[in-house]
Structure formats: C-alpha cells, structure tokens
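Have a look at the structure below before the remarks.
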Amino acid sequence: MAQPAAYRTTDVLKVGSSSINVVISGAKPDVSYDMLLAYVGDAARAVSHYYGTFPVDRAQLQIVVVPGRAGVLQGTTWGDRDGFPAVVLLRIGEHTSQDDLRTDWKLTHEFVHTALPSLPDDQHWLEEGIATYVEPIARYQSGFLTKQQVWWGMVDGMPNGEPGNTDLGLDNTHTWGRTYWGGALFCLVADIQIRQQTKNALGLQDALAAIVRAHGSIKDEWPIERVLLVADKRTGTTVLEDLYKSWRATPVKVDLIGLWSQLGISNGPKGVLFDDSAHLADVRDSILHP
C-alpha cells in the first residue's frame, strides 16, 4: 500500500521588523495550521517584549511533527546556518493538543537563545542559564504565566543549580543541573545585585537587552568577557563581571532559604505566597515588572 505523502507547509511570520520563516513537515498534526502559527507568534512576541525587539532580523523555525507522539518534545537552536542568522528546530508530536501549545515553554526558551552571542563550550552554562531564567519572565510579561507560576518554578528549580561536593565552578562543571539551573541561579543573583546597586532602577533585563542593541546575537561568536562588559556597561555596575570571576572556577553555594525569605516568597498549602513587607519584596516585584 502506498504511504501518504509527507505533510509540509511554509509560511513567513512577521514579528515587528523581523521575519520568521516557519517550515512544518512530517506527520500532519492534529492541531490546525493557524493554531501552530499563533503558538509561534506568541513565543516570538514574548521574547520581543522582553528584549525590546526580536533578537535577529531573520530566523528559520523548522517544526518536525513526529508520528504517534504528543506534546512539544524538544528544541535546538543554531546561529548562522542555512543562510539565516538563527535556525530553530522544534520537534512536536502528531497528537499535540492546543493546551500543549498553550502551556509550552520550550519554543520561548529556544527563541531566547537567539539573543546571546555563541560562547565557548566552557560557558555553555550562561547560554542555557539565561534561557532558563528569562523564559518564564518573558512569558509572564506577555500574559502567559502568573507570578505564582514564575516564582514556583524558580523555588522548585533553583536547588538543582547548587554545586555538589565535586564541583569545580561553572566553567568546569558541565552537569545538567549546573548548566541549566546553575546558570539560572547566576542570573537570579545577578538580577538582584544589579537592582540593589541601581536602587531598583535597572536589572538583568536591561543588561541583556543592551547586548542585542549592540548587535550581539547567536550568529556571532563573542568571548564571555565581551558579553559581560557590554551588559555591565548598560547598568553602570560590574555585577556580572565580578560574579563571573567569583563563580567561574569556585563552587559558590547560595543560601536559597534565606534568599526566598528576603524576597518574601514562601510555599503555602495553596501555592506560592508573597510577603510584601520582606526586605527585597520591591526587588522581587521589579524583576517581573521592570
């Protein structure tokens, strides 16, 4: 019996002044074409809102639909590939539902990757850490998450980023926890310190957006020192450079219980609770509302 022809369609999605070439191939998905495009647009606009613009002027998104599977399965992003400044490959299941798309974080995570120049392998933790940290904040700022969901994710995930007994610092410890959540913990601590030093006028969001404004994106290869210098210059601090010097080759443990208390964040029987009288409650709120 002849096999059905593979499903394939292509469209161009405009996001501000940028364009995303969307190629959908593989099995025919259960969700409609319009639902998939809306899902892509929502993720792209969340990242654009966070950075002030979509990080590259042109990108290609290849959505491969896997037969017999459900959900958003996996994503990967490359720079300067196939004639595009950024190329994202996203695998989704044939039976992915509209609710799967609505609650997905993976595509936003991959789009965040386009906003940072490619770093040497030893600093892969910063690439993944920024994407892990920024993704829920960007989705909150665009109305796709509640603040309870953002902070619950932080409280639940950040312990994975703490150094273990054999840790040799972020540049030298390439485990999953230290790469993704160790990098995210670096971002959280940096965000708080920037806001403390600028009297809550600026934060990590301003620093990262400055890299994009300096024409830094995944298509470029920068040393980490240049990335941190450009970001710190925007905030008028040396927070990122100093923190990197401290954490790069030394296992620095963060007192997360104390930090959550200072931010006024606790877990209650009905989810995350906020104490607006806490010492850093204003910092906590400004991280989500810059």
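Testing the spin-label approximation: label points 7 Å from Cα along Cα→Cβ at Ser32 and Thr250. State their distance in nm.
Taking the simple label geometry, Ser32 and Thr250 are separated by 5.8 nm.
Can you list the residues of segment 221-238 with backbone N under 14 Å from a point 7 Å past the Cα of Arg213, pointing along Cα to Cβ?
Answer for this model: 230-237.
Report the Rg/Rh value for segment 187-290, based on alpha-carbon coordinates and the Kirkwood definition of Rh.
Using only Cα positions, Rg/Rh for segment 187-290 is 1.03.
Within segment 12-112, what whole-number % of the accessible surface is contributed by carbon and sulfur, with the 1.4 Å probe and all protein chains included in the calculation?
50
Note down the nm distance, to one decimal, between modelled labels 7 Å out along Cα→Cβ at Glu241 and at His174.
Each label point is offset 7 Å from its Cα along the Cβ direction, giving 2.8 nm.
Under a straight-distance cross-link criterion of Cα-Cα below 25 Å, which lysines are reachable from Lys14, leaving out those fewer than 8 residues away in the same chain?
Lys14 reaches Lys28, Lys106, Lys219.
At a Förster distance of 45 Å, what's the computed FRET efficiency of Asn267 paired with Asp80, Cβ-Cβ distance as r, to 0.05?
The value I calculate is 0.55.
Set the Förster distance to 30 Å, then compute FRET efficiency between Leu73 and Asp156 from the Cβ-Cβ distance, nearest 0.05.
On the way: r = 22 Å, r/R0 = 0.72.
That pair, Leu73 with Asp156, gives E of 0.85.
How much mean residue ellipticity at 222 nm does the chain get from its helices, if each DSSP H run of length 4 or more adds -39500 (n - 2.57) and you divide by all residues, to the nearest 500 deg cm²/dmol?
-13000 deg cm²/dmol
Considering only DSSP beta bridges whose two residues both sit in segment 36-191, what percent are antiparallel, to the nearest 5?
Once the DSSP bridges in segment 36-191 are tallied, antiparallel ones form about 50 percent.
Given a 1.4 angstrom probe, what's the average accessible area per residue across segment 66-121, in square angstrom?
43
Once the convex hull of the alpha carbons of the chain is built, what does its volume come to per residue, in cubic angstrom?
With only Cα atoms used, the chain gives 144 Å³ per residue.
The values are calculated or read from the model by the stated rules, or taken from the named source; none is laboratory data. These numbers were taken from a predicted model, which means no experiment stands behind them. Glycine gets a Cβ as well: all are built from the backbone with ideal geometry, and neighbour counts include every protein chain shown. The accessibility values were calculated without ligands, DNA or RNA, using every heavy atom of the protein model including side chains. Shrake-Rupley method; radii C 1.70, N 1.55, O 1.52, S 1.80 Å.
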